[in-house]
């Protein structure tokens, strides 16, 4: 059986497909992928403290300060920049049509869309194909490796953690100068991404560490397999 990942889990980690979740036994389901659970829990707790003290209050202020249409424009601009990396990784995975489509998105949105503030490409049928270096390595046969909570960044894995180095290389923001402008852009993107989660953070039920671990690993499976994942409840029906 095939299923789309639940909306709640995907929103928690920044993506947006589809069906409801029957959330059960996530602890047992992913325990084997988390041999470093003690260290990971400590890092998770430290990240959570930092979020509550600093990042979340700033994100709340961002949502209050800027109206929705401004926030949408900012989000569109960052998505436009990310389409460059999407295109590169799609091509490296042999998805040439997707890669060309993502490059076309960059061209259209950077010009007609006024530096990406608007997204006319989607209206023209050019949808975003989200890819990163972790997904590319997975397509090339690299295993996920153990689950890893990264200080200051949150959920990850050995493969995805290492791939973030290359993600930064193909991130256009890396090449902004002066460095002060680059750092401001990084910070703005971080706050914007955190603000997007405010509306759904209350759905993290039970043990937050277990919940976020399950959400992250299911999301990565969803992305690596282009939206097709195994259904852990299929045998129950």
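Report yes if residue 53 is in contact with a helix residue (DSSP H, G or I) (Cβ under 6 Å, 6 or more places away or on another chain), part of a helix (DSSP H, G or I) and within 25 Å of residue 216 (Cβ to Cβ), otherwise no.
Numbers: in contact with a helix residue (DSSP H, G or I) (Cβ under 6 Å, 6 or more places away or on another chain): no; part of a helix (DSSP H, G or I): yes; within 25 Å of residue 216 (Cβ to Cβ): yes.
In short, no.
Let's see how each residue does on (1) modelled with pLDDT of 95 or more; (2) surrounded by fewer than 16 Cβ atoms within 10 Å (Cβ to Cβ); (3) in a loop (DSSP other than H, G, I, E, B):
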position	(1), (2), (3)
186	yes, yes, no
190	yes, yes, no
199	no, yes, yes
202	no, yes, no
211	no, no, no
215	no, no, no
218	no, no, no
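Scan region 220-231 residue by residue and report those that are surrounded by 15 or more Cβ atoms within 10 Å (Cβ to Cβ) and modelled with pLDDT under 80. Can you show your working first?
Start the filter on region 220-231 by keeping residues that are surrounded by 15 or more Cβ atoms within 10 Å (Cβ to Cβ), which leaves 220-224, 226, 229.
Result: 229, single match.
For residue 174, only one of the following conditions fails: (1) surrounded by 13 or more Cβ atoms within 10 Å (Cβ to Cβ); (2) closer than 22 Å to residue 154 by Cβ; (3) at pLDDT 95 or above. What is its number?
Every condition holds for residue 174 apart from (1).
Would you point out which residue out of 82, 44 is in contact with a strand residue (DSSP E or B) (Cβ under 8 Å, 6 or more places away or on another chain), at pLDDT 95 or above, assigned to a helix (DSSP H, G or I) and closer than 30 Å to residue 146 by Cβ? Quick ask: steps written out before the conclusion?
On the way: 82 fails: in contact with a strand residue (DSSP E or B) (Cβ under 8 Å, 6 or more places away or on another chain).
Among 82, 44, only 44 is in contact with a strand residue (DSSP E or B) (Cβ under 8 Å, 6 or more places away or on another chain), at pLDDT 95 or above, assigned to a helix (DSSP H, G or I) and closer than 30 Å to residue 146 by Cβ.
Can you tell me which residues in region 142-171 are within 23 Å of residue 184 (Cβ to Cβ) and either surrounded by 14 or more Cβ atoms within 10 Å (Cβ to Cβ) or under 16 Å from the mean Cα position of the chain (by Cα) (or both)? Please lay out each step first, then the result.
First pass over region 142-171, keeping only residues within 23 Å of residue 184 (Cβ to Cβ): 150-154, 164-165, 167-171.
Of everything in region 142-171, those that are within 23 Å of residue 184 (Cβ to Cβ) and either surrounded by 14 or more Cβ atoms within 10 Å (Cβ to Cβ) or under 16 Å from the mean Cα position of the chain (by Cα) (or both) turn out to be 150, 152, 153, 154, 164, 165, 167, 168, 170, 171.
In region 56-86, what residues are more than 20 Å from residue 185 (Cβ to Cβ) and touching a helix residue (DSSP H, G or I) at 6+ places or on another chain (Cβ under 9 Å)?
Of everything in region 56-86, those that are more than 20 Å from residue 185 (Cβ to Cβ) and touching a helix residue (DSSP H, G or I) at 6+ places or on another chain (Cβ under 9 Å) turn out to be 56, 60.
Could we say that residue 164 is in contact (Cβ under 8 Å) with a residue 24 or more places away in the chain, in a helix (DSSP H, G or I) and either in contact with a strand residue (DSSP E or B) (Cβ under 8 Å, 6 or more places away or on another chain) or over 30 Å from residue 32 (Cβ atoms) (or both) here?
On the way: in contact (Cβ under 8 Å) with a residue 24 or more places away in the chain: yes; in a helix (DSSP H, G or I): yes; either in contact with a strand residue (DSSP E or B) (Cβ under 8 Å, 6 or more places away or on another chain) or over 30 Å from residue 32 (Cβ atoms) (or both): yes.
Yes: the conditions hold for residue 164.
The values are calculated or read from the model by the stated rules, or taken from the named source; none is laboratory data. Since the structure is predicted, the reported quantities are computational estimates derived from the model, not experimental observations. For neighbour counting, all protein chains shown are included, and Cβ atoms are generated from backbone atoms with ideal geometry for every residue, glycine included.
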